[in-house]
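Take a look at the structure below.
Bear in mind these aren't lab numbers, they're just calculated from the coordinates by the rules spelled out. The shown structure was predicted, so the numbers you read here are calculated from the model rather than taken from an experiment. All Cβ positions, glycine included, derive from the backbone under ideal geometry; neighbour counts span all protein chains shown.
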Amino acid sequence: MPPASVLTDRLAVEIARLGVVGESSDVGTLSRVADLAARAVPGCAGASAVRWAVPDEGAPAAGAAAEP
């Protein structure tokens, strides 16, 4: 199996784990999302993830960033 397929399989498992309720906090989950994005996109210099609570407030409720 080519290395790209192994990476895709591993990332798929990690992404599926994001849906496990109670496994981590909002910020912990956002951090994992940013880390996955930074590792999955070839040539990526960094990634960020933000959760918005109420659209009218105009400020994020939580955020995280990562770099490969």
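Arrange the peptides 25-33, 42-50 so that the one whose residues have, on average, the most other Cβ atoms within 10 Å appears first.
Ranked by mean Cβ neighbours within 10 Å, highest first: 25-33, 42-50.
Sorted by average packing, counted as other Cβ atoms within 10 angstrom per residue and highest first, what order do 34-41, 60-67, 10-17 take?
By packing density, highest mean first, the sequence is 34-41, 60-67, 10-17.
For a quick check: with amide H placed at 1.01 Å from N, whose amide H comes under 5 Å from Cys44's, ignoring anything fewer than 5 positions away on the same chain?
none
When Lys and Arg each count +1 and Asp and Glu each count -1, what net charge do the other residues less than 14 Å away from Asp9, Cβ to Cβ, add up to?
+2
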